[in-house]
Amino acid sequence: MTIDFDRIIDRRNSDSLKWSGSRGNQTIPMWVADMDFAAPECVLRVLRERVDQGVFGYPVVTEGVTRAVVAWAASHYRWRIEPEWLVWLPGLVSGIHVACLALAGTADEVLTFVPAYPPFLSAPRMAGQTLKTVPLAREEARWTLDADAFRRAITPRTKLLLFCNPHNPVGRVFGREELSVVAEICERHGLLICSDEIHCDLLLDRGTHVPVASLNEAVADRTVTLMSPSKTFNLSGLSCGFAVIPNRALRQRFQAAARELVPQPNALGYVACRAAYEAGEIWRVALIDYLRGNRDLLEAFFSEQLPQFGIFHVEATYLAWIDARCLGERGEAGFFDAAGVRLSTAVRFRRRVSCG
């Protein structure tokens, strides 16, 4: 099998959200988590077969799709999940919104660590809840979870933690010990956990992803885990994700909210999901090697050519968190735009980060 990540696929003047605002095609868009690689051939093949059937009525999830997810969790995370724990979604953003509505009330507080993926900041407010943020702690070139700050932020009104593991945007892979501390605090204070783990198959350094819910049964009982093959295999446009919810009562609450708000994945999303998990591992391993090389090149470039910036080591994801305080207030976008690269600015993540 030939895998060519160097092949340039021209997405300009297409339906690509990423490339649609590239300012006359003079700016390279790097502001959204969307790779420019073609999906694995095993996925493309089953999509062609499904399209050739020619009928696109309402789909249902098949046993084959469910088996593929269960097998992937067992082989990649050593996590045994049951088929009935799965709740299918058109994407993880909708899952975050459903979690806020299903797991906390309008008079409740929702906590998250910042910087954070923007929907973590908007979903609680749209559900009428109070959002509270806990800054990640910076230790030299690494971000860590501040357990003491987390404890101090919790009040009797706090009901839900929105968590990201691995973390978007800082690229941290949280180890079992760190996750256990967070889980213990949540258990002690009665917090439910919604853990977005969409980047779990993109670990660039050695190690194995640890799902929060895999720590022990008590943690699993209070956790909703959101996953999808979309980031790993570049399938976001096919709208297919899922929640893993072992607790039956929580699952029923989540399903009830989801039925009122979001559609099921589409027919192509289901078949792509199954193919990716059943036959995409060789492609994924090659992708990790390629992304690791890109990560190393980027970190070396900033260290050698732009030492006034700080860049944090990316342990997972294909995202980089750049410390640009040296540019001053509102200077980030202009600097990078002038260099021909469009990035997301820190204000979207609720924290202005930069050189120090």
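Miscellaneous remarks
- Full extension of the chain between residue 122 and residue 281 gives 53.8 nm of extra length, using 0.36 nm per residue less the Cα-Cα distance.
- Percent accessible area from carbon and sulfur atoms, the chain, protein chains only, probe 1.4 Å: 52 percent
- Label-point separation, residue 208 to residue 84 (7 Å along Cα→Cβ), nm: 2.7 nm
- Whole-number accessible area per residue in Å² for the chain, which is evaluated in the context of all protein chains at 1.4 Å: 47 Å²
- The chain: most fluctuating residue of 150, 120, 233 per GNM, C-alpha cutoff 10 Å: 150
- Residues of the stretch 5-46 falling in the label zone of residue 348, defined by backbone nitrogen less than 15 Å from a point 7 Å along Cα to beta-carbon, are 17-23, 28-35.
- Phi-based couplings in Hz for the stretch 86-95 (Karplus 6.51, -1.76, 1.60; Gly and Pro marked x): 7, 10, 7, 9, x, x, 7, 4, 5, x
- Estimated FRET transfer efficiency when R0 is 30 angstrom, pair residue 326-residue 30 (beta carbons, to 0.05): 0.95
- Top of 165, 216, 234 by mean-square fluctuation, Gaussian network on the chain, Cα under 10 Å: 216
- 3J(HN,Hα) couplings calculated from phi for the stretch 161-166 with the Karplus curve 6.51 cos²θ - 1.76 cosθ + 1.60 (θ = phi - 60°) are, in sequence order, 10, 8, 10, 10, 8, x Hz; Gly and Pro show x.
- With a Förster radius of 25 Å applied to the beta-carbon distance between residue 304 and residue 11, the computed FRET efficiency rounds to 0.25.
- When 78, 274, 295 are compared by accessible surface with a 1.4 Å probe, the order from highest to lowest is 78, 274, 295.
- Average projection area in nm² (convex hull over Cα atoms of the stretch 251-356, one quarter of hull surface): 10.6 nm²
- Rounded FRET efficiency, nearest 0.05, which uses the C-beta distance separating residue 157 from residue 260 and R0 of 35 Å: 0.90
- The distance between label points at residue 52 and residue 141 comes to 5.0 nm (points 7 Å beyond Cα on the Cα→Cβ vector).
- In the complete set of protein chains, residue-level accessible area for residue 236 is approximately 60 Å², probe 1.4 angstrom.
- Convex hull projection area averaged over all views, the stretch 109-233, Cα basis, nm²: 7.7 nm²
- Taking 35, 30, 126 and ordering them by how much accessible surface each has at a 1.4 Å probe, largest first, produces 126, 30, 35.
- Residue separation of residue 188 and residue 290 scaled by 0.36 nm, minus their Cα-Cα distance, works out to 32.5 nm of gained length.
- Protein-only accessible surface order, largest first, of 184, 217, 299 at 1.4 Å: 217, 184, 299
- Largest GNM mean-square fluctuation among 178, 84, 49, using the chain with Cα springs under 10 Å: 49.
- Label-point separation in nm, residue 177 to residue 2, each point 7 Å along Cα→Cβ: 4.8 nm
- The stretch 1-128: proportion of alpha-carbon pairs further apart than 21 angstrom, %: 67 percent
- The ellipsoid equivalent to the alpha-carbon distribution of the stretch 154-197 has semi-axes of 20, 12, 7 angstrom, derived from the gyration tensor eigenvalues as √(5λ) and listed largest first.
- Of the chymotrypsin sites (Phe, Trp or Tyr not before Pro) in the stretch 1-102, those whose Cβ has at most 14 other Cβ within 10 Å and which sit in DSSP loop: 56
The values are calculated or read from the model by the stated rules, or taken from the named source; none is laboratory data. A quick note: this is a predicted structure, and the numbers were derived from the prediction, not measured. Note that each Cβ is placed from the backbone with ideal geometry, even for glycine, and that neighbours are counted across all protein chains shown. Side chains included, ligands, DNA and RNA excluded: accessible areas come from the protein's heavy atoms. Shrake-Rupley method; radii C 1.70, N 1.55, O 1.52, S 1.80 Å.
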